[in-house]
1. Go over the candidates I136, I106 one by one and state the one that is out of contact with any His (no Cβ under 9 Å at 6 or more places or on another chain), in contact (Cβ under 8 Å) with a residue 24 or more places away in the chain and not assigned by TED's automatic domain parsing to the domain that holds G215.
2. Run N155 past the list (1) within 28 Å of P232 (Cα to Cα); (2) at pLDDT below 95; (3) surrounded by 17 or more Cβ atoms within 10 Å (Cβ to Cβ) and report the number of the one that doesn't hold.
3. For L146, state whether it is under 27 Å from P178 (Cα atoms), outside any helix (DSSP H, G or I) and within 16 Å of the ligand (Cβ to nearest atom).
4. Checking the structure you have, find out if any residue of segment 143-151 is surrounded by fewer than 20 Cβ atoms within 10 Å (Cβ to Cβ) and charged (D, E, K, R).
5. I'm trying to understand the selection: among the residues of segment 50-93, which are out of contact with any helix residue (DSSP H, G or I) (no Cβ under 7 Å at 6 or more places or on another chain) and buried (at least 16 other Cβ atoms within 10 Å of the Cβ)?
6. Out of the residues in segment 122-143 meeting the condition of being part of a loop (DSSP other than H, G, I, E, B) and away from the ligand (no atom under 14 Å from the Cβ), tell me which one is nearest to Y194 (Cα to Cα).
7. What do you reckon, is S230 part of a loop (DSSP other than H, G, I, E, B) and under 20 Å from N155 (Cα atoms)?
8. Determine the pairs where a residue that is in contact (Cβ under 8 Å) with a residue 24 or more places away in the chain, located within segment 180-192, has a partner that is among the aliphatic types (A, V, I, L, M) and open to solvent by 20 Å² or more (accessible area, probe 1.4 Å) with Cβ atoms under 7 Å apart, the partner being 6 or more residues away or on another chain.
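The values are calculated or read from the model by the stated rules, or taken from the named source; none is laboratory data. What you see is a predicted model, and the numbers here were worked out from it, not measured in a lab. Cβ sites come from the backbone with ideal geometry, for glycine too, and all protein chains shown count toward neighbours. Just the protein is used for accessible areas: all its heavy atoms, side chains included, with ligands, DNA and RNA removed. Shrake-Rupley method; radii C 1.70, N 1.55, O 1.52, S 1.80 Å.
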Amino acid sequence: MCARLATKRFLEIRQILLQSPQPSRSLSTALNYHIDSPDNSPDTPWEFSAGNKGRVKEILSHYPSNYKQSAIIPLLDLAQQQHGGWLPVSAMNAVAKVVQVAPIRIYEVATFYSMFNRTKVGKYHLLVCGTTPCMIRGSREIEEALLKHLGVKRNEVTKDGLFSVGEMECMGCCVNAPMITVADYSKGSEGYTYNYYEDITPKRVVEIVEMLRRGEAPPVGTQNPKRIRSGPEGGNTTLLSEPKPPPCRDLDA
Ligand code: FES
């Protein structure tokens, strides 16, 4: 695309975003924009809670004092947990102060990694893995079932503030595809958990949502009762005997 066309397109997208009272996250560009709103502006006061100030110190202690910026990701993660699952600009500015860098250094990180949410999410943020092995095993149907059951679009929050549905790339659990993860912000940073639900079906994913709604803790890991962890369904078919120890060289021979 020539430079003039690219600039024109940029201005068009910017105009769309500026006219929208709630910037849409369905445009990937929206993730990288900040538009001041009543609950998200540099003037909104934000600081780490008294309890989390101790955790900030502990995180910083893992890095040399002249490399504080190495703590940016864990500090953003803590700020996000404290703020109910998303990062307002004032939280990113607070992290910049802690690690003594220009705020742009923090914005660069927060807008690069998809684990950081720049707009509100539900107390339970449901992330469907959309990468090839999960997609082949039915992740699109899982997402459809979730969106239909909750009556939302991707990245929208349900009216009761409980749920939102997003997409994530491979979460390293392809052997039990398809899978989702649930970032649970319902108990603040103290009770924050990030749980994998594997071998799911459209029916099972709705059951999981309803268990969460009732305040229950659905069992994590595979949802296929015929599997143990990542083992084959119905038990092992090969490697049935106890493994032999590796042969050792007799160094005296
Ligand atoms: S592709 Fe879904 S976990 Fe790897």
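1. The match here is I106.
2. Only one criterion is unmet by N155, namely (1).
3. When the stated conditions are applied, L146 does not pass them.
4. Yes, some residue in segment 143-151 is surrounded by fewer than 20 Cβ atoms within 10 Å (Cβ to Cβ) and charged (D, E, K, R).
5. D77, Q80, Q81, G84, G85, P88, V89, S90
6. The extreme case among them is K123.
7. For S230, the condition - part of a loop (DSSP other than H, G, I, E, B) and under 20 Å from N155 (Cα atoms) - is not met.
8. T181/M171
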